[in-house]
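Single-structure report; data block below.
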Amino acid sequence: MLFLVVAMLVSLVVAGAVLFYVAYPHRGEKAPGVPWLSDAMEKAAEAAPVLEEHEVDLLRSTR
């Protein structure tokens, strides 16, 4: 029972974080009241690896 409660809380926190990211930092806006959280999410998004256009074409051609 405790496992289910913890799993539900974790899934709600992750869903809230995704919703927050889509609502503010993804659009280039600062979140009202918690600008430090917007800054942290922007830094995390910039650190994530991104495929460049030529890499996408290369991956498509190898299939």
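Taken together, the values in this text are just the output of simple stated rules run on the coordinates, not laboratory data. If you're wondering where the values come from, they're calculated on a predicted model, not measured in any experiment. Note: ideal-geometry Cβ built from the backbone for every residue, glycine included; neighbour counts use all protein chains shown.
Some values worked out for this structure:
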quantity	calculated
Student exercise, the chain dipole from Lys, Arg, Asp, Glu Cβ charges, in Debye to nearest 20	280 debye
For the stretch 36-53, Karplus couplings with θ = phi - 60° (6.51, -1.76, 1.60), whole Hz, Gly/Pro x	5, 6, 4, 4, 5, 5, 5, 5, 5, 5, 5, 7, 5, x, 10, 7, 7, 4
Computed over the stretch 1-60, Kirkwood Rh from alpha-carbon pairs, angstrom	13.9 Å
Calculated from backbone phi, Karplus (6.51, -1.76, 1.60) coupling profile of the stretch 25-31 in Hz, x at Gly/Pro	x, 4, 8, x, 10, 8, 6
Per-pair calculated FRET efficiency, R0 = 35 Å: Val34 and Asp57 via Cβ, rounded to 0.05	0.35
